[in-house]
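J.: My questions all concern the structure below.
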């Protein structure tokens, strides 16, 4: 079977890629995924390029790229005029963002750990965690 000529309904495309049908609709609406041609009966007919593009989008999202970042990468691919260095540079920027998020999460973990430690017993009538949340003190973060 020649998969390059294989066609998919939206449901089968969703099943093949693991992307929700509503998400596929959204990606079409925001022009991240090209709208497919329609059959004589008016049904959308997706092909292998849609499957590959949707897989690219899904994998990019799994790696934490924003939709705008995915769009930027796809724009490079769509023009066909890109270098590996351009893709690497964009990915390196994203890696920096991921590393910053990890640092922020570690700070949050430390603050939450301290808050939980302050609540070691049920003998205190007021909850230090609730008080800390109401205080809005962001110096710890």
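J.: So, of the residues in segment 1-29 that are under 15 Å from the mean Cα position of the chain (by Cα) and not in a helix (DSSP H, G or I), which turns out to be nearest to residue 72 (Cα to Cα)?
T.: By that ranking, first place goes to 19.
J.: Just checking, how many residues over segment 30-45 are touching a helix residue (DSSP H, G or I) at 6+ places or on another chain (Cβ under 6 Å) and more than 17 Å from residue 78 (Cβ to Cβ)?
T.: 1
We did not get these values from a lab; they are worked out from the coordinates using the rules stated. Computed from a predicted model, the values in this text were never measured in an experiment. Note that we place each Cβ from the backbone using ideal geometry, even for glycine, and neighbour counts take in every protein chain shown.
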